[in-house]
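The values are calculated or read from the model by the stated rules, or taken from the named source; none is laboratory data. All figures in this text were calculated on a predicted structure; none of them were measured in a lab. FYI the Cβ positions are ideal-geometry reconstructions off the backbone, even for glycines, and counts take in every protein chain you see.
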Amino acid sequence: MSGVSREGIRVLHVDDDRDVSELTATFLERADERFTVETAADAAEGLDRLEGCAFDCVVSDYEMPGLDGIEFLERVRESCPELPFILFTGKGSEAVASEAISAGVTDYLQKETGTDQYTVLANRVANAVEHARSQRRVERSERRLRKIVDSLPHLVYVVDEAGTYRLVNEALAEFHGTTVEAIEGSTVDDVLSDRAAAKFLQDFRSVIETGEPKHLSGVEVVDAEGHTHVFEPQIFPYDIGENGDRAVLGVTRDVTERAERERKLERLQHRTRALMHTETAEETARVATEAADAVLEARLSGVFLLDGPGEYLEPTAVVDAVREAFDEVPLYPRDAPEGSRAALVWDAFEAGEPVRVDDVPADDRVDESTPSRSVILHPMGDHGVFVVSAERTHAFSGTDEVLVEILATTLEAALDRTERRTELRSQRDEVERKNERLEEFTSVVSHDLRNPLTVLNGAVEAAEETGDPEHFDRCRDAVDRMDAMIENLLTLSRQGEAISEPESVDLAEAAVRAWGAVETDSERLAVETDRTIRADPDRLAQLLENLFRNAVEHGSTSPQSQAPEDAVEHGSTVPASQTQQDAVEHGSTSSRPAADDAADHGAADEASDDAEDGLAVRVGDLDGGFYVADDGRGIPADVRDDVFDSGFSTRSDNTGFGLAIVDRIAEAHDWEVVATESEDGGARFEVTGIEPAESATAEQTE
């Protein structure tokens, strides 16, 4: 028979009449070659033979000793509920047939005379077995389909034209916090919220009516725990195959994580754009930490940059919550002990590789208590480490880790840019300073040298005409003045250059040697310092010589009748013709070389007593520096701010560069020099911002 399976059929025939049983078996095997028939004399034997449901069909008589056919059927259904069971009995009645049907009999056939009945029975058995096998195949297919559907991570469902769920998978049931059985048979209105149901039914009807699939995006649905998810549903027309009912097959992808990633990335892009416009490292770090807090909800984040000596990773910017969570803002020293937070940060920095810890208290690399529970440490080249941290464990996803990498890379580029800007700004400022000095030099050359040149030209013409020696003297004076001016200009230019490596310099010794280089008469020097400072020795000597020369020339060589402001000397750098150590106060109790023996480190009173015999100059200590003071005529208050300007002088015989050179030397050392009035009414110059030698030594030792 076409379309009929040729698979063998094993039949158990149960009848208390053994002759009838054997006859039935013989005719059934003749009627269908697939049949193999075995017999049992009663229900009890039949139940024993059915152990394991090894047969494809049972054919049973009704009236038998012990259990009758209906009772036998009921017992079979207990162990083999799907096994075909045909009641083949000589006692037929409507009551028996009704009882058999109620008990779940597969078929009912009354015995007759003649052999044709066995053909009919064979057909009934074959049909029952084929139907049972088909049902099992369908069930297996359904189980496989169910297994496949339930294994899908997406939400899968079939909804019929009436809006009833005909099929849903485990993912959908889990999303709604219930079971597949609870949803199947329910309507869309029963399962979804009013808003979500209305939107779904609108799209559902569109697919039903047009027969065209529909792809949606950005659909938000709240799960059983109240969390909002973002879905991308795809809805397809679907034929249920029952009475032509129309339905839709839906496959819905949960894209919440992707949508959140896109939102974070968009917010991060907005934040990182601001990094391209920052001006300083501090501003750059602040923008980055604010981005970590706003985008990644990392409330304990901060940017830690390497300090100058390379011994600390210092907090350049942190989220405000860091100050609340920690007793003090963390500072990470290079020599931190193993197991500390600082050691972990330094390991990441020196390795140059990011470190992610999802549960800090459980990590064996950190045995120090900390409010941080999750952390991502991202090195930024030679700049430092970007610490992204939160107060909960497993706070960061793989997406967050990628976003931190983007933010840290952008931050590193921004720090590179701010460094370049700082360098360029410094170079630009240096160029501007050099241009200003060049303009200053040009102005002096073009203006100040013009006067002695004019005098020289006039004197030469007069000498040619008269031969008077007085005019030759005027020529020599003009040449000497130009020579002094040129020398001062060159000195001024050199003193504006960068200083050499500072050394430890004994200030008292430097003062004594500088005093010996200044031409003096009755002037006296009192040295009241034993301080050692960090300075370029040659530049410091030039500074002291110019201050001493200024004191001597404005305090002791000016006529008494000259106005006080005319007594200010601003420029002679002509070397003294001899060393005047005899003019230095004596009385030092310290043991020094010969040059130092001329210095008095505490003879201020003696210098004051001898002031009547000549100008007294004093060198003493200040907080962060030293001073040079005299008891001469002093500097009028209205010109004290101008005395350091190049070329400023109230005397026609001075070039006006001496104090300008002092100012340049101080600037090259990052010092500050100011002019004021001394206790004796004379001039006082205070030099501050000086690094003591012992401080520098201590830093190097550390």
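At-a-glance table
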| read-out | value |
| --- | --- |
| Subset of the stretch 44-63 (residues that are at pLDDT 90 or above and among the hydrophobic types (A, V, I, L, M, F, W, C)) | 44, 47, 50, 55, 57, 58, 59 |
| Conditions (1) under 27 Å from residue 408 (Cβ atoms); (2) acidic (Asp, Glu); (3) assigned to a loop (DSSP other than H, G, I, E, B): number failed by residue 257 | (3) |
| Test: residue in the stretch 345-356 that is over 16 Å from residue 318 (Cα atoms), in a strand (DSSP E or B) and not acidic (Asp, Glu) | yes |
| Residue tally, condition in a loop (DSSP other than H, G, I, E, B), of a type in the set (Gly, Ala, Ser) and over 17 Å from residue 377 (Cα atoms), over the stretch 291-339 | 2 |
| Check on residue 177, within 40 Å of the chain's Cα centre (by Cα), outside any helix (DSSP H, G or I), at pLDDT 90 or above and not basic (Lys, Arg) | yes |
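Listed here are the residues, each with its yes/no results for (1) in a helix (DSSP H, G or I); (2) at pLDDT below 80; (3) not charged (D, E, K, R).
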{"site": "414", "(1), (2), (3)": "yes, no, yes"}
{"site": "446", "(1), (2), (3)": "yes, yes, yes"}
{"site": "464", "(1), (2), (3)": "yes, yes, no"}
{"site": "471", "(1), (2), (3)": "yes, yes, yes"}
{"site": "475", "(1), (2), (3)": "yes, yes, yes"}
{"site": "481", "(1), (2), (3)": "yes, yes, no"}
{"site": "489", "(1), (2), (3)": "yes, yes, yes"}
{"site": "494", "(1), (2), (3)": "yes, yes, no"}
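For (1) in contact with a Cys (Cβ under 7 Å, 6 or more places away or on another chain); (2) assigned by TED's automatic domain parsing to the domain that holds residue 413; (3) not in a helix (DSSP H, G or I), each residue gets a yes or a no:
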| residue | (1), (2), (3) |
| --- | --- |
| 185 | no, no, yes |
| 196 | no, no, no |
| 209 | no, no, no |
| 221 | no, no, yes |
| 226 | no, no, yes |
| 229 | no, no, yes |
| 237 | no, no, yes |
| 272 | no, yes, no |
